[in-house]
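The values are calculated or read from the model by the stated rules, or taken from the named source; none is laboratory data. Nothing here was measured: the structure is a model prediction, and the numbers come from that model. Neighbour counts are summed over all protein chains in view; Cβ atoms, including those assigned to glycine, are modelled from backbone coordinates with ideal geometry.
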């Protein structure tokens, strides 16, 4: 009597693709990677998990939970992970490079244009306004798409909401994710009383801290207006990028204060205005937000500086995923850890939803941005196609330009 293979073994399997096809697949992802990590993760999930079934949804959620607590942009790490499933370590390298290449090239071109010509042109500003609002719509759609697959019961919803409140209260994301994992582990171990007590206590602490933050006066951001006369060396920029890459726990937002302090406050080769311009440009590119490091490196050391900074920032994400793949697989397959990873993933949804709120506050300014945002949401929710992402972003830029020329 033969034993039938498990359904998971029959249904979920990564295809053995050629290196060229693998590179082109993830290069395609890179060109469509608008909207930051939330939209990028949703896009990867839709094609490789929901449509092509490389892995199960549950496995994807747990892999995402693990990468959330490792340094590096999660979307890039997921591309390396799926590349390894298809063609081993070299496949992971090919997939990761394909995904980051479009954003890197575009950021490099924008940095050159910024240094050579600036972005004060009203025509550029009009297109920029429309694209920012469209990116806001992409983020909201992506949060909805990811959340619908992860928040499957009231406990996971409670963890996500509490994580969002804790984020706004200023609690470190590692603490948030640790509590989220423990809470859902208790739920899985049939200890709902203790789980509810821990979740309620954590939410109460977060609410109190949030109220204190809202009532406290905020210090004004220190502004540096003088650019250093001596540019940093290429090696110094690589080292700064490497340290920054090791600090990207939970996404690029954790490294922004550190990189600003080094480039603006300590070394002074950039002003605050230039740093914020780089962030804004990175926010509308099809790339992980941490690609703004390419902009910082270019202003510090032209093309060699941009290459060195980018290499340093992305090196930890590639190295950890490529060298630790087997250990990661053991963690994901350990059933005793499934409850923790499911809770962590729900916490991740809460964190990215909170981040989306912050981005929307900066992107939706004025009646035109509101109209573009609402129109983009309608298109994205009603038109379920890969072409919807570039169509919405480019269409929004055209709307901004039309309003500028007709006004």
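Of note:
- Restricting attention to region 179-191, the residues being at pLDDT 80 or above and out of contact with any helix residue (DSSP H, G or I) (no Cβ under 8 Å at 6 or more places or on another chain) number 0.
- Members of region 50-65 that are surrounded by fewer than 21 Cβ atoms within 10 Å (Cβ to Cβ) and part of a helix (DSSP H, G or I): 50, 51, 57, 58, 59
- Filter result (assigned to a helix (DSSP H, G or I) and either more than 18 Å from the chain's Cα centre (by Cα) or over 23 Å from residue 206 (Cβ atoms) (or both)) within region 159-176: 159, 161, 162, 165, 166, 175
- Answer residue from region 264-286, given it is part of a loop (DSSP other than H, G, I, E, B), under 11 Å from residue 300 (Cα atoms) and in contact with a helix residue (DSSP H, G or I) (Cβ under 9 Å, 6 or more places away or on another chain) and is modelled with the lowest pLDDT among those: 267
- Within region 193-204, tally of residues that are over 27 Å from the mean Cα position of the chain (by Cα) and either touching a residue at least 12 places away in the same chain (Cβ under 8 Å) or surrounded by 15 or more Cβ atoms within 10 Å (Cβ to Cβ) (or both): 3
- Tallying residues that are at pLDDT 55 or above, part of a loop (DSSP other than H, G, I, E, B) and farther than 21 Å from residue 70 by Cβ within region 217-263 yields 4.
- All positions within region 92-110 that are touching a helix residue (DSSP H, G or I) at 6+ places or on another chain (Cβ under 9 Å) and surrounded by fewer than 24 Cβ atoms within 10 Å (Cβ to Cβ): 93, 97, 98, 101, 102, 104, 106, 108, 110
- Residue in region 311-325 that is without any contact (Cβ under 8 Å) to a residue 12 or more places away in the chain and in a helix (DSSP H, G or I) present: yes
- Top-ranked residue of region 115-158 - restricted to ones that are part of a loop (DSSP other than H, G, I, E, B) and in contact with a helix residue (DSSP H, G or I) (Cβ under 8 Å, 6 or more places away or on another chain), ranked as surrounded by the most Cβ atoms within 10 Å (Cβ to Cβ): 151
- Filter result (in contact (Cβ under 8 Å) with a residue 60 or more places away in the chain and buried (at least 24 other Cβ atoms within 10 Å of the Cβ)) within region 69-83: 72, 73, 74, 75, 76, 77, 80, 81, 82, 83
- Residue in region 328-341 that is at pLDDT 80 or above and in a helix (DSSP H, G or I) present: no
- Count of residues meeting criterion [in a helix (DSSP H, G or I), more than 30 Å from residue 186 (Cβ to Cβ), at pLDDT 75 or above and in contact with a helix residue (DSSP H, G or I) (Cβ under 7 Å, 6 or more places away or on another chain)] in region 342-399: 16
- Residue match in region 83-100 (condition: under 29 Å from residue 280 (Cα atoms) and at pLDDT below 90): no
- Taking region 108-124 as the range and being within 23 Å of residue 364 (Cα to Cα) and touching a residue at least 24 places away in the same chain (Cβ under 8 Å) as the test, the residues that pass are 110, 119, 122, 123.
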